[in-house]
Structures are given as structure tokens and as C-alpha cells.
Amino acid sequence: MSESARPPSRESPAGRSRGGSPLPRGARLCLDYLPAGDAPRLRDLLDGGPWRDDLKRRVQHYGWRYDYRARKITHALRLGPLPLWLTPLASTIGDLPEFERVPDQVIVNEYCPEQGISAHVDCEPCFGPAIASLSLGGAVEMVFRHRQSDKSASLVLPPLSLLVLTGEARYDWTHEIPARRSDTIDGMRLPRTPRVSLTFRTAIREP
């Protein structure tokens, strides 16, 4: 990625959700995080990558492969260093204040218009205290639900944006993308278009 060309990213206004309520504490959305000129090359590299069909949606794993059934990572699932084309992007994300070190695990999810991901918290014993998800392709709504109450919030993830979760947003709230064909964005019901996300995490290695 052209790190020198990276413009200052903007944040979601005042950390508010779509309904105007506060986002979960520890959630931060950086708009236009990826320069638009970098997106086509990144998509081309991903399109030619090692897609897996473990789930209903296609995925790629880099650094470490996450075992969805056992919900863990082990030394046997180590895939090696991140590829060179991912390293600059991982390094810039590692420079964010939420991260203690450069992410060494990336999962790529491909979403067809009707696909989503169920409510979950990223594996706590497997990954560190910060996660970041980069959005490519169509915009989509993400829903947050508090694990111990009925509080909820939602947020539109635009293309090129980076969502960072740490603290309460990382551990006390689930996040999900409802499986549906359209979302209401800026008061308009818009059909979904294909989308790819790259989630950057730091692996907690077995002793």
C-alpha cells in the first residue's frame, strides 16, 4: 500500500451510532482510512488469494489460521509471516494507539449481498485487546449488542473505512452483520453489493 500517500482519516462524527446513541466505548470508525487508489490493487491481490470454503462465506487466513470449530489457534495453525503486500497496511494499523504491536493475523471475509456474520465477540483467549476491520466494496450496517443488557447500537461501515474495537467494544459487546439483501442508509433502502473485509488481530500464542 502506498503509505506515503495515505491521507489523514476522518472519524465517525462524535462517535455516535446511526440512531444518535453513543457507540460502545472503545469503538472507533476511521473514514477513508485506505486511499481510494490502493483499493483496486488490494482487491486484485485478494481475488487471487487462497480462498477457503469452511463457512457459508469464503474466507482467507494469513499469519495464523483460526479453527472455527474448536474456537482456538495453536502452533500447528501457524501459517508464517504476513505476505509482503499486507505488511505495510498491518504496520500502519499497528501504529494506531489501540494496538500494542503490529497485527500478525489477518482474516479476509467475502460477503455476497445476502450474507452476514452472526453476533459474536472475537475469541478472547486467541487474540489481543484490539481488532481492526477494513471494509472494501459495498457499505453495510453493523449491529452491536451489549452482552449483559438490552442495549444496542448500529453503524454503517462505508467502503475504505477502518473500524477499531478495544476495551468495552471488544469484550462487552457482540457485533454482527445481519444476513439480508439491503440496508437503510441515509434514509434510503439500498440493495447490498459484494463486500470484502480484512480483520487485523494480534495472536496470543500458546506457551
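The number of residues in segment 164-177 that are surrounded by fewer than 19 Cβ atoms within 10 Å (Cβ to Cβ) and in a strand (DSSP E or B) comes to 2. The residue list 6, 10, 78, 28 contains one member that is modelled with pLDDT of 85 or more, surrounded by 12 or more Cβ atoms within 10 Å (Cβ to Cβ) and either out of contact with any strand residue (DSSP E or B) (no Cβ under 9 Å at 6 or more places or on another chain) or over 18 Å from residue 131 (Cβ atoms) (or both), which is 78. Of all residues in segment 94-117, those satisfying the criterion of being under 14 Å from the mean Cα position of the chain (by Cα) and either farther than 21 Å from residue 78 by Cβ or in a strand (DSSP E or B) (or both) are 105, 106, 107, 108, 109, 110, 111, 116, 117. Pairing residues of segment 35-59 that are touching a residue at least 12 places away in the same chain (Cβ under 8 Å) with residues that are of a type in the set (Gly, Ala, Ser), at Cβ distances under 6 Å and at least 6 apart in sequence or on separate chains, gives 35/5; 38/2. Taking residue 124 as the residue in question, decide whether it is part of a loop (DSSP other than H, G, I, E, B), touching a helix residue (DSSP H, G or I) at 6+ places or on another chain (Cβ under 9 Å) and modelled with pLDDT under 95. For residue 124, the condition - part of a loop (DSSP other than H, G, I, E, B), touching a helix residue (DSSP H, G or I) at 6+ places or on another chain (Cβ under 9 Å) and modelled with pLDDT under 95 - is met.
Is it the case that some residue within segment 136-143 is at pLDDT 95 or above and over 17 Å from residue 110 (Cβ atoms)? The answer is yes; a qualifying residue exists. Only residues that are assigned to a strand (DSSP E or B) and either on the phi > 0 side of the Ramachandran plot or surrounded by 17 or more Cβ atoms within 10 Å (Cβ to Cβ) (or both) were counted in segment 130-163, giving 20.
The values are calculated or read from the model by the stated rules, or taken from the named source; none is laboratory data. Bear in mind the structure is a predicted one, so any value in this text is a computation, not a measurement. We place every Cβ from the backbone using ideal geometry, glycine too, and count neighbours over all the protein chains shown.
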